[in-house]
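The values are calculated or read from the model by the stated rules, or taken from the named source; none is laboratory data. For clarity, every value in this text was computed on a predicted model and none was experimentally measured. Backbone-built Cβ (ideal geometry, glycine too); neighbour counts: all protein chains shown. Surface accessibility is based on the protein's heavy atoms, side chains included, excluding ligands, DNA and RNA. Shrake-Rupley method; radii C 1.70, N 1.55, O 1.52, S 1.80 Å.
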Amino acid sequence: MARPADPAPVAAPRHYLMCRPTYFAVEYAINPWMNPALGVDRDRAVRQWEGLRDLYLSLGHRVSEIAPIEGLPDMVFAANGGLVVDGRVYGARFASAERTPEGPAYLDWFRKAGYVETNEPKHVNEGEGDFITLDDVILAATGFRTEAAAHQEAERLLDRPVVTLQLVDPRFYHLDTALFALSGQRIAYYPGAFSEGSRRVLRALYPDALLATEEDAAVLGLNAVGDGRNVVIAAEATALAERLRSLGYTVHPIELDELRKAGGGAKCCTLELRDSPS
């Protein structure tokens, strides 16, 4: 059954977990965005990350931080560190050896932060990178990083229905590079990132979805963060931003091109803590 569209965009305060890019670097290539030969400006990456954090705070959101660990240059991409729904934590098990230590590091943070139900995964999954939580369903992707078996594991542990989607374009290796939630019932996505079967599923579930162009997707315009009204989006995704404004959303373009050298944007840097301990 198709979900109804929101009557009007309404913001809701959120709680986010972030990780300062103190040790950010591109030292290996595990997605098409990464090229170690190009190097990065770490100081610039830190300034851009601070701008994102400060924007969240200015919008009334709460931001917690996990301490970065030397030798884990991708730990800044906090969204991959787990999935939190109704106060329950489903931990991450990374597909690449380079990022494997991040899974236990994030689980340790959750435990120390007071989360009682923290689940160490049996199957490979990369947290909110491949799981998008909506009001009544979790959209989950497979194809490049997260195993389909992890979708079933998450559904059982989190007690939420999970809908499996197949990614087919390696540029969009995580679901959060190709789709984001405008609200609890409405999404935006780039159809070309998905298999034909998955496009049919998305059309049936979300007939009112905002469809992005390849040009906006190619600058990680869909690696965006919404709170129901405000949308934090890559500054280069100008056409998508204009369409969002026409629908009544307040758009906040942000420069994150230094972090994009590793294949990440606003959402990659942001793990939402749903019903977190007080």
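So with the 1.4 Å probe, I'd like the accessible area per residue for region 77-116, rounded to whole Å². Each step should come with its number before you reach the end.
Details: 1410 Å² over 40 residues.
Per residue, region 77-116 has 35 Å² of solvent-accessible surface.
Where the accessible area of region 195-236 is counted over protein heavy atoms with a 1.4 Å probe, how much of it, in %, is carbon and sulfur? All intermediate terms of the calculation are to be shown ahead of the outcome.
Values: 810 of 1480 Å².
Carbon with sulfur: 55 percent of the solvent-accessible area.
What net charge do the residues around Gly60 carry, taking every other residue with its C-beta under 10 Å from that of Gly60, with Lys and Arg at +1 and Asp and Glu at -1? Walk me through the numbers on the way to the answer.
Working: positive: Arg14, Arg62; negative: Asp227.
Taking every Cβ under 10 Å from that of Gly60, the sum is +1.
State log₁₀ I(q)/I(0) for region 1-75 at q = 0.25, 0.26 Å⁻¹ as given by the Debye formula over alpha-carbon point scatterers of equal weight, solvent excluded.
The Cα Debye sum returns log10 ratios of -1.16, -1.21.
For a paramagnetic label modelled at 7 Å from the Cα of Asp43 toward its Cβ, which residues of region 237-278 fall within the zone defined by backbone nitrogen distances under 17 Å?
The answer is 258-259, whose backbone nitrogens lie closer than 17 Å to the label point.
Please work out the average accessible area per residue across region 142-188, using the 1.4 Å probe convention, and give it in Å². Could you put the intermediate results ahead of the total?
On the way: 1600 Å² over 47 residues.
Here the per-residue accessible area is 34 Å².
Calculate the dipole size of region 75-234 relative to its Cα centre from +1 charges on Lys and Arg beta carbons and -1 charges on Asp and Glu beta carbons; express the result in debye to the nearest 20. Show your work: numbers first, answer last.
Values: 15 positive and 23 negative charges, 25 e Å.
With Lys and Arg at +1 and Asp and Glu at -1, about 120 debye.
Compute, for the chain, the length of the dipole vector about the Cα centre, with Cβ point charges of +1 (Lys, Arg) and -1 (Asp, Glu) only. Units Debye, rounded to 20.
Details: 29 positive and 39 negative charges, 69 e Å.
So the dipole magnitude of the chain works out to roughly 340 debye.
Roughly what percent of Cα-Cα pairs across region 137-180 reach past 16 Å?
Numbers: 308 of 946 pairs.
So the portion of pairs separated by more than 16 Å is 33 percent.
Given (1) 1.06; (2) 1.02; (3) 0.91 as candidate values of Cα Rg over 2.2 N^0.38 Å, which corresponds to the one derived from the coordinates?
Read-out taken from this structure: (3).
Restricting to region 108-200, what percent of DSSP beta bridges are antiparallel, rounded to 5? If you can, show how the numbers build up before the last one.
Details: 7 of 12 bridges.
Around 60 percent of the beta bridges assigned by DSSP in region 108-200 are antiparallel ones.
Computed FRET efficiency, Cβ-Cβ of Asp54 and Glu214, R0 25 Å: what is it to the nearest 0.05?
On the way: r = 31 Å, r/R0 = 1.24.
Using R0 = 25 Å, I get an efficiency of 0.20.
Okay, helix-only estimate at 222 nm for the chain: each DSSP H run of n ≥ 4 adds -39500 (n - 2.57), divide by all residues, round to 500 deg cm²/dmol; what do you get? Show your work: numbers first, answer last.
Values: 7 runs with 66 residues, N = 278.
My calculation for the chain gives -7000 deg cm²/dmol from helical runs alone.
Size of the dipole of region 1-129 about the Cα centre, Lys and Arg at +1 and Asp and Glu at -1 on the beta carbon, nothing else charged, in debye to 20? Let's see the in-between values first.
Values: 14 positive and 17 negative charges, 54 e Å.
Dipole about the Cα centre, nearest 20: 260 debye.
What number results when the radius of gyration of region 92-203, computed over Cα atoms, is divided by 2.2 N^0.38 Å?
Working: Rg = 14.1 Å, N = 112, 2.2 N^0.38 = 13.2 Å.
It is 1.07.
Over region 184-278, with a single point scatterer placed on each C-alpha, what log10 of the ratio I(q)/I(0) does the Debye formula yield at q = 0.16, 0.21 1/Å?
-0.71, -1.12
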